[in-house]
Structures are given as structure tokens and as C-alpha cells.
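Beneath this line is the structure, given in C-alpha cells, with notes to follow.
The values are calculated or read from the model by the stated rules, or taken from the named source; none is laboratory data. Keep in mind that what you see is a predicted model, and the values were worked out from it rather than measured. Note: ideal-geometry Cβ built from the backbone for every residue, glycine included; neighbour counts use all protein chains shown.
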Ligand SMILES: Nc1ncnc2c1ncn2[C@@H]1O[C@H](COP(=O)(O)OP(=O)(O)OP(=O)(O)O)[C@@H](O)[C@H]1O
Ligand SMILES: [Mg+2]
């Protein structure tokens, strides 16, 4: 059992009306990996993350975490089991301070007897990790987009996940902020958290992902190393297009 995937999905399927948003997708993520999920707009990437985190339910198929079926569980149970996520459109609690946002994660994910003082210390240390320690008392809604995204990461880490799902952490960020986000993701992996991430910023995906899965119209059309994906004619045709030939993604 030592080579069991940390996360795996078999024939994962979800319809919206007549639209197969995710169709018979098989996937896996191994412990310690940074796996990328890419594809054109509407390919089903966020839907797949919503299915893993149980924000929505599967039509068919199964999702397992550390060998145990998790599809069918409620979102809070999945978080307790060790899967946390961030959102494509950021969802911080805008009127609460930055520290309070992270404390929510700490108190939810904490072992039974964590004192408030220890929870605050843990939340503070996560804010330092995310580069937000100067912002503790600021209302979360006053942060820049890049900082709100970092705050979501800190709040997710506070729930003590083994697997973190990042949905477009870099969207809307400037090049300096993207470089900072890449560094943060590497640091997350280095602290032992496995990362499954959606991004359109291909340059970043090529640098930090060990493996990339490609969706198109809800179906998995390719999977491989960044080099294999960048060279795949199918992927170039449906997604990467001219960028690859121009070498500027
Ligand atoms: N709640 C919903 N109700 C109806 N249709 C939905 C819903 N959520 C997603 N869809 C549809 O499912 C398909 C997949 O959407 P999804 O958001 O998963 O795409 P995506 O790959 O994340 O795209 P993007 O790169 O733009 O974020 C799209 O056609 C979308 O319009
Ligand atoms: Mg999406």
C-alpha cells in the first residue's frame, strides 16, 4: 500500500443539464507532487475541484483520498480529512481582520484541545509564512487581490491539509506577484503539503509542476511532464496554440 495515490478519481462525471462539465475523468495525485490542471475556459477544471472538495456532487465515478472513498461526504468532512482549497474568485471574509480569517481555519482544523492562544500563534506563523504578517489587523476586504489570494492560502493551510487545491492563484496578478506566488507554492510543497493546482499562467506551470493534466470539454485529453505537454500536438491545437511556437508563454 506504500505507493497508494494520495488522491485519485475514477471515471469522475458531472453534468449541468445536458452539458458534461466533467466526463469520465481518471486522475491521480501522488504525495509530494505539484500537479497542474490546465485547459481552455470552460474545460471543467473548477468543476473537478468542486467535485473533489464536495462543493457539488458527482453524477458518477468515485474519488478516493489516501485510498478511502470521499465522494459522497460533506465538504466539512473532506476538509477534516485533509483536503483544503482556495477559490478562483477569492472568498475571504471581508469585514474580518486578516488574522481572524486565518483563525477560522485554525479553529476548524484544530485538534480538540487547541487553546485560543495557541490558535493565534499558529495563525500568526501562517501569516508570516504567507508574507502577510504586517497586515494582521487589516480588514481582509482592504487587501490587494494578490494579498487576498495569499490570505486564502494561509486560511486553507490553517486547516492542516495534506493536499491543497489551488484554483487560479495567479490570475489577475502582475509578474512580480506571480513570481511571489510561485515561490509560495514551492514553499508549501516543501512543508509537506501536496499541491494540485489550476492555472492559465503556462510559464509558471511549466516551471513548478512535476506533472500536468489537460482537460478539454470536460474530458482528459493529455497528461504528462511539462515538456511532454508543451510538445503535445493535441494540447497545442486546443489550448496552447501559437504561444508555444512563439516560446513566450
Ligand atoms: N453551477 C453551474 N451551473 C451550470 N453550468 C456550470 C456550472 N458550473 C460550471 N458550469 C459549466 O461547466 C463548464 C465547466 O466550467 P468550469 O468552471 O469547471 O470551467 P473551467 O475549466 O474552470 O474554466 P475557467 O478556466 O474559465 O475557470 C462550463 O461550460 C460552465 O459554464
Ligand atoms: Mg475555473
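Only helices (runs of 4 or more DSSP H) whose full extent lies in region 31-143 are considered here, and the ones with at least 2 residues that are within 16 Å of ligand 2 (Cβ to nearest atom) are 45-52.
Among residues of region 170-185 being away from ligand 1 (no atom under 16 Å from the Cβ) and touching a residue at least 40 places away in the same chain (Cβ under 8 Å), the one that is nearest to residue 207 (Cα to Cα) is 185.
Being within 16 Å of ligand 1 (Cβ to nearest atom) and buried (at least 22 other Cβ atoms within 10 Å of the Cβ) is the filter here, so list the residues in region 153-169 that pass it. Once the filter is applied, which keeps residues that are within 16 Å of ligand 1 (Cβ to nearest atom) and buried (at least 22 other Cβ atoms within 10 Å of the Cβ), region 153-169 yields 165, 166, 167, 169. For region 5-27, the condition of being away from ligand 1 (no atom under 16 Å from the Cβ), crowded, with 22+ Cβ neighbours inside 10 Å and in contact (Cβ under 8 Å) with a residue 12 or more places away in the chain holds for at least one residue. For the condition in a strand (DSSP E or B), in the same structural domain as residue 208 (by TED's automatic domain parsing) and surrounded by 18 or more Cβ atoms within 10 Å (Cβ to Cβ), residue 184 does not qualify. Against the definition (over 16 Å from the mean Cα position of the chain (by Cα), surrounded by fewer than 21 Cβ atoms within 10 Å (Cβ to Cβ) and under 21 Å from residue 229 (Cα atoms)), how does residue 32 come out, yes or no? Here the answer is no, as residue 32 does not meet what is asked.
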